[in-house]
Structures are given as structure tokens and as C-alpha cells.
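Okay, structure first, notes after.
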Amino acid sequence: MQKGARTIGTTVFLLCITAALFGDISPHIMSKAAAVYEYETGTLLYEKNGDLPIPPASMTKLMTLHLAFKAIESGEIDLNATVTVEASDDFTQLPRRSSLMFLEEGQEVTLLQLMQGLAVPSGNDAALMLARLLAGSVDNFVELMNQEVSALGYENIYFDDPAGLSEKSYVTAKEFGLFCCEYIRQHPESLKMLHTLSEFTYPPPGVSSSTYGPITQENYNVLVGRHPWVDGLKTGYIDESGYNISLTARADGRRLVAVVLGGPGESGREGALTRAIDGVNLLSYGFYHFTRVEPQFPTLRSIKVWRGVPNTIQAKIHSPVALVLPLDTAAQIQVRHQLDLPLEAPLEAGAKIGETLITSGDTVIRSYPIRVPIEVKLGSWWRQLVDSIGQLHQ
């Protein structure tokens, strides 16, 4: 397996260079569904069947890890706490072909080891033990998972188990991509602690007894340690889903998050290669064909309000926000204020009096309202008369 993983990683690395230099403008995605986001702004850069529900398989474990991190942060459990592996947590209780950490009854294991065993070799035994440890039972933990889905506002994500074995679980590429962004935002330490590890050995030599001795397994995410940008996140496969992968990568001060669902493959090696290539294509597309722009808004001078008190206002404009745009669009970007003049009293506080337009060529990229900062009342009869005469001479 390790030799095969190295071969896949080398192949993907060469393909990523080819995609960056010679790739088409739009990525060619072989998998059923995909999405890629710019992490800082949450901008969706590309989707293919982004709302198609597909079982997440072992990508489910990101939610399991999310709840573990929350329990640590709330003080419910300590990262270095040691727990005993019960008979129900022994790896032999799981079906054949399962991804395993190889937990054995009677071993002493830390919460950190469980989380690493879940993240790197995708141990189903680790996921189930974590669920029982954090919620008392697997059923209780699944309920917590779906409560968290609702609390985060997702409508197209459902989990049926903490490991990803069930075909009844489902996610969409778009919503799971948003969850991955939230996971990184809440637990940035997870990347270094878990997801960038290229391999995992359990049990550590000399620490805990094992029937089979220390077993070293490589990260199922073959891009970790081989692709120059990738530092997470998680793969997944069951027959009902196909080959899945969620990726995050950082380059030139930008981070992207990509999700690939339903990748084809006649064998595990072929499927792993397909999802990796699709992931690299998405990342290359996001990094090489988009850029982040921080538009500068021109100063807006005080504005005359006819027949009003006060008779001038300093309009309230939207604070500039960073935008992620295609390179050709960003090259032509312009910003201007467009006011609905003349302004006449009375005006309510917050009333819209124009727009700030961000354009590229003839296309409006974004528009933000310009508003009245305070209430402007009708002035005295004298002010109204003077301004009425003044308007005649405009």
C-alpha cells in the first residue's frame, strides 16, 4: 500500500504542474460532484452538481473530530487524557475491509492518539470509540452530530454514524465545502496536529502492548506531503458513494477548500488517483485563475439636501470588502458612487440615496447601498423658500 501511495502521489504532483501550466480555464472533473471555495471570503469559485446528495463515507469523520475539538475546548475532556479500550472498541468488532487504527481491548490510548488514528489512517474503530467516549453511545453521538448540522445552518447534510460506514448519510459538495471552511476556522490547530501528518504509528513502540506490534500507516490523503500546497483534509470511500476527498491548500497568502464526491474507479488505486487528480484540478483552477482584490472606495464629499435641516449630510457608504475574481475581471475593475440627486427633505435615517458600484467593463460585479446617516427634517419656511429659489438657478 505504501509503495502504491508514493506512486500515486508522484503522478498527481506531475499532473498538478501540467494543469497549472497548460490546463484549460475550466477544470475537467471526472467525479459526480465538486465544489471549490476561497476560504477567507467564502466565495464559491466552481461547482459541478454542487447540490447533489452523496454519502460522504469517511469524510464524516471531520464532523466527529469537530465535536471532539468542541468537547476539548469546553473542558469536557482533556486532549492528553488516557482511556482504556473496551471490548466493544476492539478493531475485531468491525467488518472486513474497514479502515482501522487497530485498537485492541485493554490498551491505554490518549484522546490525541484517537484523533490522529481517525484523521490519518481513517480508523473506524477510533471513530466509534470517540463517539462512545464523548456521548455515552454511538446513537447519542449521532444525535449530537445532526444537532450540530442544524446549529450550523446546513440543510443538505445528514449523518447516520460517526465513521461514515452508512450509505444513509449524505452531504452535498457545496454544503460540505462550507462545513470544511467552518471546521478550519474553528480548529486551525487541526491542520498541524492531525491533517498534515504523512503517517501514523500505533501503538507507539514501548508504550502499549499489541498483538501485532506497532503498525505504521500512511495518510489516505496522498496529496499531503507531496503536493506543495495541500495541508488537509480527509478522504472517503464506500461502494455507494464512490471516491471522495475534501482538500485544503494554501499558496501566496490564500487558502482554498475543495470537495470532490463520487469519483470513479475500478480499483482502490484508480479511485484514489481519480479523486486526487480532480482535487488538484480544482485547486489549480482556484489559485491560477482567480485573485483576491481589495477595492478602494473613493471619498464621498458632503451632499446638499434641499429644504432640509441639516442642509448637508455625509452619506454612509459600505465598508470595502475583499473580493475574489477571475484574473481578467479583476484587471478591469473600477469603483464609483452613483447618487440619486437632487436630495430633498424630509429623509429618514437609513434611507437609500444611491449605490457604490464595482464594475468590470460593462458588468456590475457588486453594488452596495449608500444611505442617509441621520434623519433630515424639513427646514423653516425661510429655508424652504431660499432653497426653492436656489434650485431654480441650478
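Values quoted throughout were computed directly from the atomic coordinates according to the rules given, and no laboratory measurement underlies them. Bear in mind that the values here come from a model prediction, so they are computed numbers and not experimental data. Reconstructed Cβ throughout: ideal geometry from the backbone, glycine too, with neighbour counts over all protein chains shown.
Side notes on the structure shown:
- Globularity index of the range 303-392, i.e. its alpha-carbon radius of gyration over 2.2 N^0.38 Å: 1.39
- Comparing Arg132, Arg301, Arg255 in a Gaussian network model of the chain, where Cα atoms under 10 Å apart are tied by springs, the biggest mean-square fluctuation is seen for Arg301.
- Each distinct pair of alpha carbons in the range 172-302 adds a 1/r term; the inverse of their mean, the Kirkwood radius, is 16.9 Å.
- Among Thr216, Phe290, Ala87 the positive-end extreme of the charge dipole of the chain (Cβ point charges): Phe290
- For the chain, the alpha carbon convex hull comes to 164 Å³ per residue, rounded to a whole number.
- Beta bridges per DSSP with both ends in the range 303-392, % antiparallel, nearest 5: 90
- Taking N as its residue count, the alpha carbon Rg of the range 110-182 over 2.2 N^0.38 Å: 1.11
- Entries in Lys48/Lys234; Lys70/Lys316; Lys70/Lys168; Lys168/Lys234 that, when Cα-Cα distance is taken, lie over 31 Å: Lys70/Lys316
- Stokes-Einstein translational diffusion, the range 243-394 - Kirkwood Rh over all Cα pairs, 0.890 mPa s, 25 °C, in µm²/s: 125
- Between helix 138-151 and the chain: long-axis angle, C-alpha atoms, 0 to 90°, nearest 10: 10
- Distance from the Cα centroid of the range 166-203 to that of the range 335-385 is 46 Å (rounded to whole angstrom).
- Within the range 2-290: Cβ-based charge dipole about Cα centre, in debye rounded to nearest 20 (Lys, Arg +1; Asp, Glu -1): 960
- The value obtained for the range 23-63, namely the Cα convex hull volume divided by the number of residues, is 115 Å³ per residue.
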